[in-house]
Structure formats: structure tokens, C-alpha cells
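Every number here is computed from the coordinates shown, using simple stated rules; none is lab data. Everything numeric here is computed off the predicted structure, so don't read it as measured data. As a convention, Cβ positions derive from the backbone with ideal geometry for all residues, glycine included, and neighbour counts pool all protein chains shown.
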Amino acid sequence: MKRLLILSVLLGITSAPAVAQYAYTSTSLTQGSTNIYASTHVEVDYYTAYYYYVAMWSELDPNCSVNGYSSDCSTLQAVASGWSYGSSSASWSASVPISATSYVVFAVPEVVEYHEVWLEECYCYIYYDPYGYSLYGGEWATPYFYVCAYGPVVYTYTNVIPLGLAYSQTTVCPFPTGESSTWFGWEPGDSPYYMAFFVAGLQANPNLSFDDRYVYEDLNPYNPFDSCKAAWGSNSPFDPWNPPAGMSGAVVGSIYYGYGPYYGVYYGPYHNGYGMDAIGWPNSYSASVTWYQNQMRNGYPVPSCYWAAYQHMYMNGCPGSPQQYYEPGHSIGGFITSSTVYMFRAGAYATR
Amino acid sequence: MKKMIAWKALVGMTCVIPMILWAAQTSPPAGESIVSGRPLSDFADELETRYRTIITYEEPLLVNSSDLDVTLPAFGSKIFMGPKMRTFIPPAIEKVDLPNLERIINVYNGQHGFPSFRVISSGYGLHIIPDKVRDAQGRVISANPLLDTLIIVPTAKRTPWETFEAFCQAVSDATGITVVPSCPSLRPSYDELFTAGGNPEITWGVESVNARRALIDLLSRSATTLSWHLNYAPSPDDQFYVLNASPILLPSREQVLYDRCGDCPNVKRPIPPPR
């Protein structure tokens, strides 16, 4: 009988169970972070046990080949592991700061099958009872019944089969954490030219690339303010300055990029740069600066004045709806004193 | 270092003060009083914004002391003069057209006497121009609007801003009074407003043409509607005009850009942010 059992196993009658397993990831993107969910699921056709291992990796360089553990550009974020029985799922989730750590997130569940086959072996005597009943116990089902002489003896058959890796990937759309400014220079030309150029950059993990994304500014809902006109009122023959239209531009990364034909300013390369932001009074309004300075030298009516505005920064998704990535935004503006003109943008300054 | 700290303190002020003082710059709606040295100009701005109609404003030469406010300097010897503060209560109107604007001007003239104004219209818009003014002795004389002067601007290829400068220089040459060009648009620049990214130079000039007509002809070539204020600075040591050319503002104070440009392939329109 034992030989028959072994033979039956070999013939597949009690062969290794059919086990299916898969994995997936999903993300729920929110401002500043993403909730990542990874799962492995195993289906078996009978009772078994399996060991699961789910790993979440983030890959910062989108050009890296995604091949799991061996990728140098991947960073292990977390793992989940344990034993499970029968058809079941194992899942894991975490919140990952999208702006700093992740670009591509993928789950690598590894399922190792460890199943046990329980076999009963016994030596039995089979009787025939035409009335369907046996005084010696047994079963009523048939006129045949058996009585075990001994046993049953349980033999455990174990089998450990590495089922390999299932793999899934999801792309998380990163956004910058803020703005950076670097003063580049003044508008070319002799004084009085009061337009300062700042290289607008994106603050983020340096491994992140925002190439081909689109950045644009918005001054609302904060009202820009011209304190010079407010101080002089209608005594100034100059109209108050109009709020500047929001700047916009594609993230150009590592190419030389010109601001435009009117200023003739070219710069670069800058990583994650998206343009040159011109802050200040253009040549067409510089006469007002000179006039205000002349009035200040006569002590009328204030020693300095300024204009200021707040810029909210937006970036398009990849793809997806634009998101504001810089709240409450950075300030831009300029000061005038009797002898100095001073511009600022996102912590960078220029004095003339 | 102390200087930098002082700067940063000034910068920090910008975070708080703007919201407090902002109300001082907005024009009140019709029916409410406007207190300003240029109340008619302020109300014209309000109408421009509300009705998206060009209403230009030109100021007369102010020479009579009753039309001027005098401020003594805190130090130095230069006396500062500005237009006299006036209160104007505009009438309510249903729409902006020549008759309605004339009615507004009549109400203004009735409230203030002189200097008085009148309205003319052109294919470009409505124009508030000075009518009568008091001379230094108090006699009422014709205001002789500056832009009624015949000017000559040599035809040449220039940038739009250079052309505007040439226009102002021509008016200065013809009248003997300095006219300073100014455009309060920080971005886009005047040239960008005018060309919308197209040809950066224009060829323009006029020969013995009324300056206002010449200005209308020039600004009609712009891709952006530009209105103007011709304001006078009357201080004894610093007398000049400023010709402010500016896009019309929306109620949000955003500029109306490239509205005269049917097809501006080169203009980089900003993506409207999500609201």
C-alpha cells in the first residue's frame, strides 16, 4: 500500500498544488506624499502554507532599468513578510514623501511555497454486510465496510518550491518642494536699468528630474502692492505699476536657454531650471524710479518705498492636473531708496 | 551684515503691509465719492475696467495756485506741488458711451469749475481732454490740450518702445514741455505687449499730424489695447508731463493682454492656474 501511495504521488494524484500568485501596486497621490499599496495574492487548490515577501523599492532615476533588487538606483523602502495559509493575500502600504524620495515605486513579492501533504496509511479488512449494518462498527454507506487493523498512520509530504518573483510597478509623479533663485545680472544697458534677472530653479531631491514638465506662476489670490504710488498718491504723475503677468516655462534641465528677444539674456545649463525671471522696473518704467528717488532726496514723503507680490507656483502632472507645489509661495519685489534699488526673489537679492 | 538685516526687515514688511494698504489704491464704484488729485482719471480707470472700453485722460497745465497743493520739503529747498485734492461724486450710469461720459464730465465740471474737461470720441475710444483752465492770474483761458499740437516724427524702423519715446520727444519738441514716456507694465514689457512676440521692430512716423491722432495711429498697431493718462507734474523745479500707456485692467487687476491680436502664434500665453 505504501508503495502505491508513493506511486500515486509520482503520478500526480497528490502532486504539488496549483498555486497562482500575483502582485500589484497602486498609489494615491496627495500633496507632499503618496500612499503606496502593494499586495501579493496566492491562490492554491488545497490546504497549504506559503511564505510571502513583499518589498517596496523606489527608483529615483527614471532611466534606470527596473529589475528589482539588483538595481543600483533603487532604494529599499520597506518589506513585509510572513507565513500565510490557504488562499490569501498579503499586503503592505506606506506613505512616501513624493517630492524627496520616489519616482518609480514597485513591489516585488516573492512567494515560497511550503506545502504539506497528509496521507493516511492503514491496513484494513473489508467486509461485506448485505444488510448494510456491521456489529463491528464502520460505516453505513455501503454494504461494504472496513475495519482497520491499525493506524491510520500519517505520512507528511513536504515540498518547498520557490515560485519566483512577481513584479509590478507604478510611477509616482514628483513635485518640487519649493523654489530657488540665483541672481544672474541686471538688464543690459546703462543705468537707470532696474530689471534684475534671477534664474528660477526648483528645489527637490537632486536625483529627481522635472524635464519637460511645465511650471507657471500665479500672483493670485494675493494682491500685489505698490507702496510708492500709495505714498505719493495723485502727487505722482506716474501710474501705479500693473501686476505682472505670471511667468511660465518648460523645465529645460540642461540646455542653454534664452529669456527672450528683448533682453538678449542667455544662461545655463541649469538642472531643473525653467527660465529666467525678470524682477524689477523695466526701462519703460525706470523714469518713475528716478523721480521717486529725487523726491526722497528732498525728504518727501517717505524715505523708501517698494512693490511686492507673492507668487504661487504650479506644475503640471505627469500626466495629470496641475498642482500648486509652493504654498504659500515666495515673495518677489523691489525697494527704492534715495540712492539704491533693490530687488528680491525667493531669498535672492540684487542691489544697484 | 547690519545692512542686510535691515533689508530683510524691509522685505518682511512686505508680507503684512500690502493687504492693509491695498484698499487705498482701488477706485470706488459709481455713486461713491472719489477723493484724489485726479478723480476724473481714477473714475475713468474704473469705467475702463468695468466696461472694457478705452477712456483716455489728459491733464491741463496747472499754473494757478488754487489748483495746486503745496508741500514743503522735510529738508532741502525744493517745494513739491501736486494737483489739488478734490472730491468727486460720479453719477450712476448704465453704460459707457459718449453721451454718458459727457454727462459724467458735466457733473464733474459742475462740482469743480476749473480746470474743466470735455470728451471727444475717436475710432480708438473716448478721450477726456482739458477744456478750460485758470492761468496764473486766475483768468479762465482755453486749456490748449498738449496732444492737439501738430508733431513730426521722422519715419524710421524702431522698437515699439523707441517709437513711443520718439513720439514723446516730438511732442516735447513741439510744445517745449518735457513729455516722459512711461508704461507701468512690469511684465510683459511694452515691446512684448505691442508685438506679442512678432516682429520686434515697426516702421512708423508722422508729418505734421495732431499728436493725439498720431498716438491713436501708433497704438492701433499694438497687439494689446493700450490706454493712456497724460499727467502733469507741476512742481516749480520739476515741471513735465508723463504719458502713461497701459493695458486695461480687469477687476482682478490682471492686465488684458494681446486682445487686439487675432492670431499671435509667437505669444506665450500663460496657462491659467486652477481656481
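Numbers at a glance
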item: Of B:78/B:132; A:229/B:78; B:132/B:157; B:95/B:157, pairs whose Cα-Cα distance is over 31 Å; result: B:132/B:157; B:95/B:157
item: Separation in nanometres of the label points that stand 7 Å from Cα toward Cβ, at residue B:52 and residue A:211; result: 4.2 nm
item: Exposure proxy order (Cβ contacts within 10 Å, fewest to most) of B:127, A:312; result: A:312, B:127
item: Dipole moment magnitude, nearest 20 debye, the range B:44-155 about Cα centre, only Lys, Arg, Asp, Glu C-beta charged; result: 200 debye
